[in-house]
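Trainee: A single structure is presented below for examination.
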Amino acid sequence: MVSANLQTAGSAAGMAVGIHGVSHSFQLEDRPLPVLDDVSIDVQPGEFVALLGPSGCGKSTLLRLLAGLDQPSEGRVVGDGADITAPDPSRVLVFQDPTLYPWRTVQANVALGLEARGLLKTQGHRVGDAIRLVGLAGFEAAYPHQLSGGMAQRVALARALVNDPRLLLLDEPLGKLDSLTRLSMQGELVSLWQRSGLTALLVTHDVEEALILAQRVIVFSPRPARIAAELVVDRPYPRHRDDPHLVELRRQALAVLGLDS
Amino acid sequence: MSASGITVAAPGVTPRASAPALWLGGLLAGGIWLGAAAFTAWLPDEIEVGRTQELALLAAVLGGLAVLAALTSGLFGEAGLKLRKAGPWLSVLGLALIGWEWLTAKSGTLPLPFFASPQGLLEVYLEDWPRLGESVLRSLWLLLTGYAIGAFAGFVAGVALGWSKAIGYWVHPVLRLIGPLPATAWLPIAFFVFPTSGSASTFLVALAAWFPVTVLTWSGVVGVNRNYYDIARTLGASQTFLVLKVAIPAALPQVFVGLFMGLGASFSVLVVAEMLGVKAGLGWYLQWAQGWAAYGNMYAALVVMALMCSGLTTLLFKSRDRLLAWQKGTVRW
Ligand SMILES: Nc1ncnc2c1ncn2[C@@H]1O[C@H](COP(=O)(O)OP(=O)(O)OP(=O)(O)O)[C@@H](O)[C@H]1O
Ligand SMILES: [Mg+2]
């Protein structure tokens, strides 16, 4: 894999994130559907936290709150001490579904954030760097309908990274990748995170992935999501999945999720 | 990894390495057209028409060109291959010319003045081309100004309706009440209210194009995937950016559906307006020809009108194909 140097602009230290007593519910027809139930998490600047939980428990909803796309029904979400009330390019969300713009080429999709903020002229070179980072050099001129699902997902990742975020919210960004690409992208994610010092929140279904990548794994209960367990993964990088410490943590996590037969 | 790359294959034609040197279909078509020339030139006319020899000459030239193309099409590569596809059509058209010539000029089965012979049409084009040409230009001008105004207004109205609740509140009821009314219903009022019949007709053509463009642009903007906006907002997009760079491109396929419908509607309004008000253009020419029982002129004008409408539609398709090259599986015109 090409090791592109997507240099951060220096200032970009990670963002401190606070989730204080957040509850959220959606209005379904006539009755409310509680999705998050009194969730509190504190994330240090530059920390890598993974969120694990059963499907439909409210993980994506939590990330949308952190991105500022929705407001919590109760409680506060805070970035660097200030309430998060609106989206901001310093907090970038990589959606579960890549949702690339079908009318834009890969290049133009990745350039979206720079273009929106009028930085394309001065920082356009970052686009190529980001595309190389996700291993899609040569596909700059392709349209989304010409990409595979995994490639589209990688473009979505590049589209987020190009903005040099201080908080990276990842909603199963490696979900559609084959296991080989997945492994190398995990490595890239870790080294990107280590290089840039950004804060990362990763939602995943994959217990192993959470343990390989994150310093802390938060396990949610089924909907409405409550924090069921918190595992600290105090192992140096790069990690190996057969590390006995990780195997033990994996067993614990699965037990919390109710999957230890 | 770095060696990866893609090439986007041109849709449709697959270039073959070497085309066979001789094009038999072309020879056949050439033969038929030469036959039509001989048929026209040597059989005596049953009815009284001029320009028979000119028609024969024209058919002979076309036949000669077809034969020439048949012998040399291998040299033209891509264009030659395209021409080959037209072979069956060329042959059938030659046969149709013979049949038409037989039914009208040579046997008189289809009598004058209601049916025109091929040389009759040719005569109109050769003798009345200044008036016909002026009519085409007048029609084109009226159509294009009216359509451009209507399409632009419809596009702006559609985007505004889809984007702003306040605008929607005021425009939506007007659209619902007035939009479905056929533009021709405004004809009497328009000719009365507007200072000139030209401006009245421009208004009517614009109105006809406005409604479908508005409705489809509107539905296109409303139907844009909400996630597209969320993505752009998290990346720091302004409202202007959301409208210009997200909503409009995402709605563009729908906008083009509206543009096609609007073009069709403005054609029919154009003809009616010219027949009833403007006293110029192809619609007027048609009516004038009918008034003088000059059916040959009428057919000639109809052919020109068909070419004009088809040409404009093709132009619209071409611009859509350019703008929406990112779409897959669209109809090819
Ligand atoms: N806009 C919405 N309106 C109503 N209900 C919603 C909305 N978005 C999400 N929900 C509901 O909230 C619950 C949690 O959704 P969410 O997308 O956060 O789950 P998730 O944990 O990300 O699941 P998965 O792992 O399958 O992606 C679901 O039951 C879903 O039906
Ligand atoms: Mg989700």
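Trainee: Only one of these is outside the structural domain of B:Val243 (by TED's automatic domain parsing), open to solvent by 60 Å² or more (accessible area, probe 1.4 Å) and of a type in the set (A, V, I, L, M, F, W, C): B:Phe152, B:Phe114. Name it.
Mentor: B:Phe114
Trainee: Out of (1) buried (at least 19 other Cβ atoms within 10 Å of the Cβ); (2) in a helix (DSSP H, G or I), the odd one out for A:Val219 is which?
Mentor: Condition (2) is where A:Val219 drops out.
Trainee: If you don't mind, another one. How many residues are crowded, with 19+ Cβ neighbours inside 10 Å, more than 13 Å from ligand 1 (Cβ to nearest atom) and closer than 18 Å to A:Ala16 by Cα if we restrict to segment A:193-208?
Mentor: 5
Trainee: Which of the following residues is open to solvent by less than 30 Å² (accessible area, probe 1.4 Å), more than 30 Å from A:Asp178 (Cβ to Cβ) and within 9 Å of chain B (Cβ to nearest Cβ): A:Gly68, A:Gly124?
Mentor: Of the residues listed, the single one that is open to solvent by less than 30 Å² (accessible area, probe 1.4 Å), more than 30 Å from A:Asp178 (Cβ to Cβ) and within 9 Å of chain B (Cβ to nearest Cβ) is A:Gly68.
Trainee: For segment A:134-145, check the following and say yes or no: at least one residue is more than 8 Å from chain B (Cβ to nearest Cβ), touching a Leu at 6+ places or on another chain (Cβ under 6 Å) and surrounded by 24 or more Cβ atoms within 10 Å (Cβ to Cβ).
Mentor: Yes: segment A:134-145 contains one or more residues that are more than 8 Å from chain B (Cβ to nearest Cβ), touching a Leu at 6+ places or on another chain (Cβ under 6 Å) and surrounded by 24 or more Cβ atoms within 10 Å (Cβ to Cβ).
Trainee: What are the residue pairs meeting all of these: first residue in segment A:48-60, first residue within 14 Å of chain B (Cβ to nearest Cβ), second residue of a type outside the set (Phe, Trp, Tyr) and near ligand 1 (Cβ under 6 Å from one of its atoms), Cβ atoms under 7 Å, and 6 or more apart or on different chains?
Mentor: Once the first residue is within 14 Å of chain B (Cβ to nearest Cβ) and sits in segment A:48-60, its partners that are of a type outside the set (Phe, Trp, Tyr) and near ligand 1 (Cβ under 6 Å from one of its atoms) give A:Ser60/A:Gln96.
Trainee: So in segment A:72-88, with the set limited to residues that are open to solvent by 50 Å² or more (accessible area, probe 1.4 Å), more than 14 Å from chain B (Cβ to nearest Cβ) and free of Cβ contacts under 8 Å to residues at least 60 places away in the same chain, which one is farthest from ligand 1 (Cβ to nearest atom)?
Mentor: That would be A:Ala82.
Trainee: Being out of contact with any Ser or Thr (no Cβ under 9 Å at 6 or more places or on another chain) and open to solvent by 30 Å² or more (accessible area, probe 1.4 Å) is true for just one of A:Asp164, A:Asp178. Which residue is that?
Mentor: Going through A:Asp164, A:Asp178 in turn, the sole match is A:Asp178.
Conditions (1) out of contact with any helix residue (DSSP H, G or I) (no Cβ under 7 Å at 6 or more places or on another chain); (2) at pLDDT 90 or above; (3) outside any loop (DSSP other than H, G, I, E, B); (4) within 25 Å of A:Gly46 (Cβ to Cβ), marked per residue:
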position	(1), (2), (3), (4)
A:Gly138	yes, yes, no, no
A:Gly150	no, no, yes, no
A:Gly187	yes, no, yes, yes
A:Trp193	yes, no, yes, yes
A:Arg223	yes, no, no, no
A:Leu231	no, no, yes, yes
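Trainee: Here are B:Pro44, B:Pro88: which of them is part of a loop (DSSP other than H, G, I, E, B) and either open to solvent by 40 Å² or more (accessible area, probe 1.4 Å) or at pLDDT 90 or above (or both)?
Mentor: None of the others qualify; the one that does is B:Pro44.
Trainee: Now for a different question. Take segment A:89-117 and flag every residue that is open to solvent by 60 Å² or more (accessible area, probe 1.4 Å) and more than 16 Å from ligand 2 (Cβ to nearest atom).
Mentor: Selection gives A:Gln107, A:Arg117.
Trainee: Looking at (1) away from chain B (no Cβ under 14 Å); (2) within 17 Å of A:Ala16 (Cα to Cα); (3) within 16 Å of the chain's Cα centre (by Cα), find the lone condition where A:Ser40 falls short.
Mentor: The failed condition is (3).
Trainee: Here's a check for you: in segment A:35-55, which residue that is closer than 13 Å to A:Asp171 by Cα and near ligand 1 (Cβ under 8 Å from one of its atoms) is least open to solvent (accessible area, probe 1.4 Å)?
Mentor: Per the criteria, the residue is A:Gly53.
Trainee: Same structure, new question: Taking segment B:287-301 only, how many residues are assigned to a helix (DSSP H, G or I) and surrounded by 15 or more Cβ atoms within 10 Å (Cβ to Cβ)?
Mentor: Result for segment B:287-301: 10.
The values are calculated or read from the model by the stated rules, or taken from the named source; none is laboratory data. Because the structure is a prediction, the values reported are computed rather than measured. Methodologically, a virtual Cβ is constructed for each residue, glycine included, from the backbone with ideal geometry; neighbour enumeration extends over all protein chains shown. In case anyone asks, the SASA skips ligands and DNA or RNA and just uses the protein heavy atoms, side chains included. Shrake-Rupley method; radii C 1.70, N 1.55, O 1.52, S 1.80 Å.
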